Amino acid sequence: MRIAVTGSTGMIGKALVAELRASGHTVTRVVRTPQASSEREQLVSWDPKTGSIDAEGLENHAALVHLAGASIFGLWTPTRKQAILDSRVQGTTLLSRSLAGLRHPPRVLITASAIGYYGDRPANESLAETAAAGRGFLAEVVQRWEQSAEPARTTGIRVAHTRFGLILTPSGGALGAMLPIFQLGLGGRLGSGDQIWSWVTLPDVIGAIQQVIARDELSGPVNVAAPGAVSNAEFTRTLGRVLHRPTLFHVPRFVLHAVLREMADELLLSGAKVVPRKLLDTGFRFRHGELEPALRALLNR
């Protein structure tokens, strides 16, 4: 198949492009600065900030996977929060409107999304895709993000929103940031440690995206989180056990809030037990469904 990808230089994008090409698919990278790495590489230029895109270059693709968006990590100043929102809404709106005007549009538009949609929820509440939205900045961002794909949906394009959990890979993201701290024996639970962390490994993220491309019944929100969600305290103990390091330290809630403020409250101290109901119903099998085997596989332990 011919598959277009935005955000191809990011953590997920790099892995997805490599896997798609290894599987024999042709990948068109949608980029801001077209600089081909080889004569045969297919590129489409776009700029969400100015609203420009080479829409014709997206004709005759089987799928478009939209992964581009500003990082949510860092201090959430008003300017930063606006950039987080704009990068998602502007890009998705531009793509969906452009696809809606094509003669031969992709059969499916897959937009990255996040389990931040559910907000902070009780540990005993299981959240499938039908669960209501939560509260907070991330929940609001995700709702507007997903709504931005409506122009494509109304023209008959299948639209799926892959709501990613905490993505685990030693080469980046949250796990990559935690590893040096834990390897020094300085790891510990955050706040009470009772908040549920719904995680997923990068290989399963790539597999889930491929499943969504292949299965026509997968549309709307699709939770991409392993079945084995754990509390932050259990995550901490498990990572320490895998690394053979103590996890005696504890970072109080007030310290995290004082340093990172709203980002700490919504990313580190809140939790949601997310269930990947739609993926499981289509027969998707997670390579890493439980945390300790997942960490051992990722870290070669």
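Where the centre of each part is set by its Cα atoms, how far does the stretch 160-179 sit from the stretch 1-52, in angstrom?
Here the two parts' Cα centres lie 21 Å apart.
Of A22, A174, A272, which has the largest mean-square fluctuation in a 10 Å C-alpha GNM of the chain?
The residue that fluctuates most here is A22.
What FRET efficiency, computed as 1/(1 + (r/R0)^6) with R0 = 25 Å and r the Cβ-Cβ distance, is obtained for L280 and E150, rounded to the nearest 0.05?
So the FRET efficiency works out to roughly 0.40.
Kindly give the semi-axes, whole Å and largest first, of the ellipsoid equivalent to the stretch 156-274, taking each as the square root of 5 times a Cα gyration tensor eigenvalue.
30, 16, 11
Compute the length gained on full extension between R107 and T33: take 0.36 nm times their separation in residues and subtract their Cα-Cα distance, giving the result in nm to one decimal.
That works out to 24.0 nm of additional length.
I need the Debye-formula profile for the stretch 120-209: one equal scatterer per C-alpha, no solvent, reported as log10 I(q)/I(0) at q = 0.10, 0.15 1/Å, two decimals.
Log10 of I(q)/I(0), two decimals: -0.39, -0.83.
Select from the stretch 178-266 those trypsin sites (Lys or Arg not before Pro) which occupy a DSSP coil region and have at most 16 other Cβ atoms within 10 Å, ordered by residue number.
Answer by residue number: R261.
Which of the listed residues, G220, M263, S231, is farthest toward the dipole's positive end in the stretch 210-287, when Lys, Arg count +1 and Asp, Glu count -1 at the beta-carbon?
The one lying farthest along the dipole's positive direction is S231.
Run the reach check for K81 against aspartates and glutamates, Cα to Cα strictly under 20 Å, same-chain hits fewer than 8 apart removed. What comes back?
Correct list for K81: D47, D120, E140, E146, E262, D265, E266.
Based only on Cα atoms, what mean projected area does the convex hull of the stretch 164-218 have, in nm²?
4.9
Can you pull the Rg over Rh of the stretch 154-195, Cα-only, Kirkwood?
1.27
When Lys and Arg each count +1 and Asp and Glu each count -1, what net charge do the other residues less than 15 Å away from A100, Cβ to Cβ, add up to?
Charge balance in the 15 Å sphere: +2.
Tally Lys/Arg at +1 and Asp/Glu at -1 over every other residue whose Cβ is under 12 Å from the Cβ of L67; what's the total?
+3
Rank the residues L190, L75 as a footprinting-exposure proxy: fewest other Cβ atoms within 10 Å of their Cβ go first.
Final ranking by Cβ density, sparse to dense: L75, L190.
Could you list I12, I157 in order of exposure, starting from the residue whose Cβ has the fewest other Cβ atoms within 10 Å?
I157, I12
Suppose every K and R has +1 on its Cβ and every D and E has -1 on its Cβ; what is the size of the dipole of the chain about the Cα centre, in Debye to the nearest 20?
The dipole magnitude comes to about 360 debye.
Looking at the chain as a GNM with Cα springs under 10 Å, which of I206, I181, I115 has the largest mean-square fluctuation?
Looking only at I206, I181, I115, the biggest GNM fluctuation is shown by I181.
What FRET efficiency comes out for S171 versus A132 if R0 is 35 angstrom and r is the Cβ-Cβ distance? Round to the nearest 0.05.
Computed FRET efficiency for S171 and A132: 0.50.
Determine the sum of side-chain charges near Q183: Lys and Arg each +1, Asp and Glu each -1, restricted to other residues whose C-beta is under 14 angstrom from that of Q183.
Local charge sum for Q183: +3.
On a straight-distance basis, which lysines could pair with K278 in a cross-link, Cα separation under 30 angstrom, same-chain partners fewer than 8 positions away excluded?
In chain and number order, the partners are K14.
Using Cβ contacts closer than 10 Å as the measure, can you line up H66, H104 from fewest to most?
Fewest-to-most Cβ neighbours within 10 Å comes out as H104, H66.
Could you calculate the contour length gain from H250 to E56, that is, 0.36 nm times the residue separation minus the distance between their Cα atoms, to one decimal place in nm?
Gain in length upon complete extension: 64.5 nm.
Return the ratio Rg/(2.2 N^0.38 Å) for the stretch 205-289, where Rg is computed over Cα atoms only.
Relative to the rule-of-thumb radius for its length, the stretch 205-289 sits at 1.42.
Where a number appears in this text, it was derived from the coordinates with a stated rule and is not lab data. As the structure is a computational prediction, the values presented were derived from the model and not from experiment. For neighbour counting, all protein chains shown are included, and Cβ atoms are generated from backbone atoms with ideal geometry for every residue, glycine included.
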